[in-house]
Amino acid sequence: MRVNPNLIFLAFILFFLPGCNRSSVKLIYTNAKGEIEPVQNLVFTFDKPLRNDSLPASWDSTEYIRFTPEVKGRFRWEKPDQLIFSPATAFMPATEYEAELQSELLNSSEIKTIDHSSKISFHTPELRIENNLGRWVPESAGSSKPVPEIDLFFNYDVDASNLKDKLTVSIDGKTSPFQLR
């Protein structure tokens with residue numbers, strides 16, 4: 001059986017032509033995924049240069065990427081295809097974020113569209129106890145009856161008044177009263 005060379009060429013064109021879309025840019029790398037640190041810069045790398053290499057790399061308040069919930073900060077083009085975001089304050093504790101590429105990315109480029117096929121989502125660490133310190137102390141001044149005292153250290157600052165409703169102490173499977181100091 002003989003295969004028509006024109007048919008092979010047509011199949012080749014139909015297979016590779018969709019990948020040759022030069023009028024669209026795609027995000028190919030970001031560290032804004034999974035769990036991030038509350039204080040860190042975010043890096044976004046694209047498959048095509050979006051900025052002229054001769055333009056100065058200065059911090060810019062243009063909203064190239066929109067964050068939900070909102071995060072104030074500035075952007076800087078590190079390379080023609082790499083954008084850095086530096087938040088003005090720490091990311092909120094135990095929070096889920098989404099990021100959306102904005103059309104402002106294309107301001108200095110001949111590229112016409114942004115490929116939004118990849119969802120950008122990340123989060124800060126959940127609240128957790130990082131350490132604890134337990135000891136026996138006198139029940140009150142002058143008392144010889146010992147009671148346990150435990151210091152809890154969290155990965156975020158915690159208001160103790162908000163903590164009382166979320167903690168329980170149980171001894172031998174029975175809930176026991178406690179005091180916060």
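The values are calculated or read from the model by the stated rules, or taken from the named source; none is laboratory data. Quantities reported herein were computed from a predicted structural model and do not represent experimental measurements. Because the Cβ atoms are built from the backbone with ideal geometry, glycine has one as well, and the counts that use them run over all protein chains shown. Only protein heavy atoms, including side chains, enter the accessible area calculation; ligands, DNA and RNA are left aside. Shrake-Rupley method; radii C 1.70, N 1.55, O 1.52, S 1.80 Å.
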Problem set entry | Total lysine pairs under 22 Å (Cα atoms) in the chain, excluding pairs fewer than 8 apart on one chain | 16
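Could you calculate the FRET efficiency of residue 58 with residue 28 from 1/(1 + (r/R0)^6), where r is the beta carbon distance between them and R0 is 41 Å, rounded to 0.05?
Values: r = 24 Å, r/R0 = 0.59.
Once rounded, the FRET efficiency stands at 0.95.
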Seminar exercise, completed: To the nearest 10 degrees, the tilt of helix 5-16 (Cα long axis) against the first principal axis of the alpha carbons of the chain is 30 degrees
Exercise. Taking the Cα-to-Cβ direction at residue 151 and at residue 104 and moving 7 Å from each Cα, how far apart do the two end points lie in nm?
Worked result: 4.5 nm
For this session: Compute from the Cα atoms of segment 120-174 the Rg and the Dmax, the latter being the longest Cα-Cα distance, and quote both in angstrom.
Result: 15.9, 59
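So, with a 1.4 angstrom probe, what is the percent of accessible area on segment 76-162 that is carbon and sulfur? Intermediate results must be reported in sequence, preceding the final value.
Details: 2770 of 5710 Å².
Carbon-and-sulfur percentage of accessible area, whole number: 49.
What translational diffusion coefficient, in µm²/s and rounded to a whole number, does the Stokes-Einstein relation yield for segment 63-135 at 25 °C and a viscosity of 0.890 mPa s, taking the hydrodynamic radius as the Kirkwood radius over Cα pairs?
Details: Rh = 14.7 Å.
The Stokes-Einstein estimate is 167 µm²/s.
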For this session: Using a 1.4 angstrom probe, figure out how much accessible area segment 68-181 has per residue, in square angstrom, rounded to the nearest whole.
Result: 72 Å²
Exercise. Distance in nm between label sites at residue 117 and residue 143, each 7 Å beyond Cα in the beta-carbon direction?
Worked result: 6.7 nm
Seminar exercise, completed: Per the 1/(1 + (r/R0)^6) rule, R0 = 35 Å and r from the Cβ atoms of residue 79 and residue 168, FRET efficiency to 0.05 is 0.10
Problem set entry | Fraction in percent of alpha-carbon pairs per bin - 10 Å, segment 79-179 | 10, 26, 22, 14, 12, 9, 6, 1
For this session: Grab the Cα-Cα distance for residue 92 and residue 40, subtract it from 0.36 nm times how many residues apart they are, and report the gain in nm with one decimal.
Result: 17.5 nm
